1. For region 1-83, just say rounded, prolate or oblate: build the C-alpha gyration tensor, square-root its eigenvalues into a ≥ b ≥ c, call rounded for a/c under 1.5, and beyond that prolate if a/b exceeds b/c, oblate if not.
2. If you take the square roots of the eigenvalues of the alpha-carbon gyration tensor of region 130-193 and sort them as a ≥ b ≥ c, do you get rounded (a/c under 1.5), prolate (a/b over b/c) or oblate?
3. Roughly how many Å is it from the Cα centre of region 14-37 to that of region 155-190, as a whole number?
4. Below 8 Å, C-alpha to C-alpha, sequence gap of six or more: please give me the relative contact order for region 59-151 in percent.
5. In whole angstrom, how far apart do the alpha carbon centroids of region 116-134 and region 72-100 sit?
6. Relative contact order (percent) for the chain, with alpha-carbon contacts under 8 angstrom and 6 or more residues of separation?
7. Which net charge results when you count Lys and Arg as +1 and Asp and Glu as -1 among the other residues whose beta-carbon is under 15 Å from that of residue 171?
8. Going 7 Å from the Cα of residue 30 in the Cα-to-Cβ direction, what parts of region 42-66 have a backbone nitrogen less than 15 Å from that spot?
Amino acid sequence: MAEQDDIRMVVRPPAGREAVEMVTSAGEWRLVETNEGEESAAYMVFRTWAPAPNLWLSMVEDSTTQACALIVFGDDGELVADLARRMSVFVPVMSREEVVAGPRAAQDPQERIPAVLRVALAAGPEFDPELFQVLTETAQDPDPFVRNAAAWSMTYLEWPQSLDLLRQMESRDPDERVRQSAHNLLNDFQRGGS
């Protein structure tokens, strides 16, 4: 099988999800996979459409914060790039700079929480030191709810470094609830074979 290319785009809240649904409906794209109605949808919902053969669009949304990202993937990098460009015309997306700056710029912890999840949703399978640095910083945020969001954001990452960060949070976070969340997430990763 050919290696797949992918492009990730973080959807600008709040109208982004509705724009995705409008585009996929208008294009009559076939829904090929979703976890709606499954236990995992309690924290993350995904839908994948097939607008063309060997070309897919996934929408991943954090159920708690409604942070949302699009992943365009397929076998042909040019088709992937073209679909990503077309989606960005119809769906308001954030630039990488906005995603990276989000947790650092938000003054209110309630604004930093979805910003943390947007950073994780922007991350691809390859380790990204810049995004991981932002997540590491938020794991030390003064607000325990933001630190808890940083722990939960690790569920979206495929990087071994994210497990190391969770272990640090499990043993060193000053708040018992955050330590417990990190502990539970690590147990979930171990049961899942990660």
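Bear in mind that the values in this text are calculations on the coordinates, not laboratory data. Remember, it's a predicted structure, so these values are computed and weren't measured experimentally. Note that each Cβ is placed from the backbone with ideal geometry, even for glycine, and that neighbours are counted across all protein chains shown.
1. Since a/c reaches 1.5 and a/b is larger than b/c, the shape of region 1-83 is classed as prolate.
2. Cα axes put region 130-193 in the oblate bin.
3. Taking the Cα centre of region 155-190 as reference, the centre of region 14-37 is 32 Å away.
4. For region 59-151, the relative contact order is 25 percent.
5. Each part's Cα centre sits 16 Å from the other's.
6. Here the relative contact order equals 17 percent.
7. 0
8. Of the residues in region 42-66, 48-57 have backbone N under 15 Å from the label point off residue 30.
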